[in-house]
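Worksheet: the structure to be examined is printed underneath.
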Amino acid sequence: MVGNTFGKAFAITTWGESHGPAIGVVIDGCPCGLELTEADIQHELDRRRPGQSDVSTPRKEDDKVEILSGIFQGKTTGTPISLLICNKDADSSKYESIKDTPRPGHADYTYFMKYGFRDYRGGGRASARETAARVAGGAIAKKVLVAHGIEILAHVVELGSVKASPVTIDEIRTNVESNPVRCADLKAAEIMLGKVKQARSNNDSIGGIVEIIALGVPPGFGEPVFDKLDADIARALMGIGAVKGVEIGAGFVCAGLTGSQMNDPFEINNGKVVCTSNNAGGILGGISSGENIICRIAVKPTPSIARPQKTVDLLSLSDTEIVIQGRHDPTIPPRIIPVAEAMMALVLADHLIRADHLS
Ligand SMILES: Cc1cc2nc3c(=O)[nH]c(=O)nc-3n(C[C@H](O)[C@H](O)[C@H](O)COP(=O)(O)O)c2cc1C
């Protein structure tokens, strides 16, 4: 299996399976001299950790991170940083009976067809558990970005077809962690929560939309032509399990606009060039413009649902039915927030370092 590394100048390699002894990440290219403790990383892992509310899987992992290399006297040395997170609450018993009957919507069938032999326990490498390693790497990327005045926020804007009303940046900062669905519109959050509970009691799941915003990104991030900033962001976000769509700025709405509606006019404000709208989502020609970078991801409903579903037995090549047990998220968007922020941070840290005139 290749493709476990993401990034060029600031790169992460994640490793490990959901039900193996541990998962982890190696971060290569982190600048020297950055103050870094396990607490910096733990904070982000605690936001991703399962079992925190009834909108997430009851699997209880404390996700304690251990730094194995790359830090001396509390600062990065510029050498690879290796992080370890032990798996403590894996229960593989529910996966034995479904090892030859692929779960519809999950990666079981395609892994089987590609590799023939796979770690089926908990979805193995295709499990969302792998995202803990990304979040750990992303926490370091965030720290690099904060030192350059860059902040990343994410919030649920739609869940189970319930749409949030527009909110301010301050409302996102204040409200997202105050409710289990991580929606900054608190009225909508309550209705969304009801939808999650309803889906769970119907042995079903729901999807939604998450918006990710990067503030303080200066003009100049992004490398034409194949490493455009929007292309790298789309790749980073689409690479998260369950993400089926990525929009930047106006996104798919742009197809129905006229040029005069879509274009973001420039003006001088306090001696600086600014745009009076942001349909481009902060990126023009693959390069950041200095406006906020805004994107949205469409997240599908959790594939593992506890109701009978049609599938096949891959050994006998016959039709059969599956009822999935095990512990699963009834909805993914609230849990994907720290993962999406981490992926955005990894892209921006990579481009910050590549934009050497700025770093
Ligand atoms: C944060 C997060 C939590 C997830 N939780 C679950 C889960 O509990 N059960 C499940 O079947 N899939 C879960 N998924 C989705 C699967 O990982 C994903 O659907 C699977 O790997 C197949 O990939 P695809 O949906 O991109 O095709 C989760 C994904 C993320 C990002």
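The values are calculated or read from the model by the stated rules, or taken from the named source; none is laboratory data. If you're wondering where the values come from, they're calculated on a predicted model, not measured in any experiment. Using ideal geometry, Cβ is built from the backbone for each residue, glycine included, and neighbour counts are taken over all protein chains shown. For the accessible areas, the whole protein counts, side chains as well, though only heavy atoms, and no ligand, DNA or RNA atoms are used. Shrake-Rupley method; radii C 1.70, N 1.55, O 1.52, S 1.80 Å.
Here are the numbers:
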read-out	value
Residues (under 17 Å from Ser18 (Cα atoms) and either more than 16 Å from the ligand (Cβ to nearest atom) or among the basic types (Lys, Arg) (or both)) located in the range 75-96	Leu83, Leu84, Cys86, Lys88, Ser93, Lys94, Glu96
Pick from the range 59-74, criterion open to solvent by 60 Å² or more (accessible area, probe 1.4 Å) and modelled with pLDDT of 95 or more, ranking: nearest to the ligand (Cβ to nearest atom)	Lys64
So Thr302, is it of a type in the set (Ser, Thr, Tyr), closer than 20 Å to Val135 by Cβ and open to solvent by less than 10 Å² (accessible area, probe 1.4 Å)	no
Residue list for the range 326-359, restricted to those being open to solvent by 30 Å² or more (accessible area, probe 1.4 Å), more than 12 Å from the ligand (Cβ to nearest atom) and assigned to a loop (DSSP other than H, G, I, E, B)	Asp356, His357, Leu358, Ser359
Enumeration of residues in the range 83-99 that are in contact (Cβ under 8 Å) with a residue 60 or more places away in the chain and in a strand (DSSP E or B)	Leu84, Ile85, Cys86
Selection count where residues are touching a strand residue (DSSP E or B) at 6+ places or on another chain (Cβ under 6 Å), open to solvent by less than 30 Å² (accessible area, probe 1.4 Å) and over 19 Å from Gly20 (Cα atoms), scope the range 103-148	2
Strands (runs of 3 or more DSSP E) contained in the range 175-279 and holding at least 1 residues open to solvent by 60 Å² or more (accessible area, probe 1.4 Å), in contact with a strand residue (DSSP E or B) (Cβ under 7 Å, 6 or more places away or on another chain) and more than 16 Å from the ligand (Cβ to nearest atom)	266-269, 272-275
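Every residue, every condition in (1) without any contact (Cβ under 8 Å) to a residue 40 or more places away in the chain; (2) assigned to a strand (DSSP E or B); (3) surrounded by fewer than 20 Cβ atoms within 10 Å (Cβ to Cβ), yes or no:
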site	(1), (2), (3)
Ile12	no, yes, no
Gly20	no, no, yes
Gly24	no, yes, no
Cys32	no, no, yes
Ile41	no, no, no
Asp46	yes, no, yes
